[in-house]
Amino acid sequence: MNDVNVDLMANGLASGVIANSILQNGNLNIGAMRPFIHTDGKPYISCYKGGDPKLPTSYQTVQISTNALLRRDEWKQLDDVLIDVGRTRLGGIQDLVDNNLVFNLNNAMGTTVLEWHDVNVEMDAVVSMDGITRSKNNRPVFGHNYLPIPIIHSDYEIGARELATSRNMGNGIDTADAAGAARAVLQKLENMLFTDIDYGFGEKDSRNRNKIYSYLNYPDRNQVSLTVAWDESGKTPAQILADITAMKAAAVAKFKFGPYMLYIPTVYEGILDEDYSIAGQSLMTTRERIMKIANIKAIKVVDTLPANNVLLVQMTTDNVRLVRGLALQNVEWKSEGGMVTNYKVMTIQVPQLRSDANGASGVVHLA
């Protein structure tokens, strides 16, 4: 199992290897962290020179004085495996992407925190016959909040001897370790939504919201009591439906009207496939009955969601979004003064839960 690190920076301080490197050097140049051996046998890097970053013409190849280990086609093999792993659907994070709940950072390496505002304003409307009567002029009240922008990364190694042997035999580079590191990074990102772990660094605000929270520990989430676990003997499908109805009522009470995603732990999956009967007559499964509740888009099983925890989440940008700065990348990382070369899979992404200035949230937690 690959170890995964979450680096954070705030108030001139850093936690983690990459965060400290950014703090000391001012920035990290991804292109400079991917040196390759060109066809002439000399080391080069690819530098962005401006324009559309998706076009090859926006980059130029520059010779460097330091050594490189990999050829350009070997970097491509490593990158291809990240694309394959990235296609693995991770329920919660993929839901944010699929619902266009994404905020892209322009300068991810130079952004240590994201400042965002919530607003509280109640506007009055006036009914008049002449249209001249002035309505009450209310001033919006803005709240300032800060979200740490983490760097999530995992290390792997490429042995020079194994690489040379592979080249001599005409084989491709072994990408298994890169794939394992990528899966570990993506799982860490998914865990940021569904495990009771928060991430913070530096000072907190009065509401303690300047942290990275999950659905399970977000302070403004709406909590509903689960009196009887769904897998306990005697719990009926009608009672399960009542729990979900209560969850939706809690969201509506905060003026959060959907659309919603319903997340359940693995142990509850089979229960939803049981019959939902009325007057002793089986008409549908419990899952099908739940999907008849208005504005529930889908039911997702989340393996990392603890038992007896159910979530109802409104899929709108004012409630939750994915802050994305850097997609999965393979980079070369030197340590011990440049004596040791290893590799990292890294990304800059973080889920962000949001509320209005009154603390109203569209996250409902049944537990």
Qualifying lysines (Cα of each under 21 Å from Cα of Lys334; at least 8 residues distant if same chain): Lys42, Lys76, Lys344
Phe103 accessible area, 1.4 Å probe, all protein chains in place, Å² to nearest 10: 80
Karplus 3J(HN,Hα) series, Hz, for region 37-49 with 6.51 cos²θ - 1.76 cosθ + 1.60 (x for Gly, Pro): 8, 7, 5, 8, x, 9, x, 9, 10, 9, 10, 6, 10
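If Lys and Arg each add +1 and Asp and Glu each add -1, what is the summed charge of the other residues whose beta carbon sits under 12 Å from the beta carbon of Glu157?
Every neighbour counted, the sum reads -3.
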Whole-Å distance, taken between Cα centres, linking region 249-311 and region 14-61: 46
Ranked order, Tyr146, Tyr276 - accessible area, probe 1.4 Å, largest first: Tyr146, Tyr276
Semi-axis lengths, Å, region 173-306, gyration tensor of Cα atoms, sqrt of 5 times eigenvalues: 32, 23, 13
Probe 1.4 Å, all protein chains present, accessible-area order of Arg87, Arg287, largest first: Arg87, Arg287
Accessible-area value, Ser15, 1.4 Å probe, nucleic acids and ligands omitted, Å²: 50
Probe 1.4 Å - accessible area at Thr316, Å² to nearest ten: 30
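May I ask you to derive the relative contact order of region 309-367, considering only C-alpha pairs under 8 Å and at least 6 residues apart, and to give it as an integer percent?
Relative contact order comes out at 48 percent.
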Phi-based couplings in Hz for region 153-158 (Karplus 6.51, -1.76, 1.60; Gly and Pro marked x): 8, 9, 9, 8, 10, 10
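The values are calculated or read from the model by the stated rules, or taken from the named source; none is laboratory data. None of these values were measured; they are calculated from a predicted model. Glycine also receives a Cβ, built like all others from the backbone with ideal geometry; neighbour counts cover every protein chain displayed. Please note that ligands, DNA and RNA were not included when accessible areas were found on the heavy atoms of the full protein model with its side chains. Shrake-Rupley method; radii C 1.70, N 1.55, O 1.52, S 1.80 Å.
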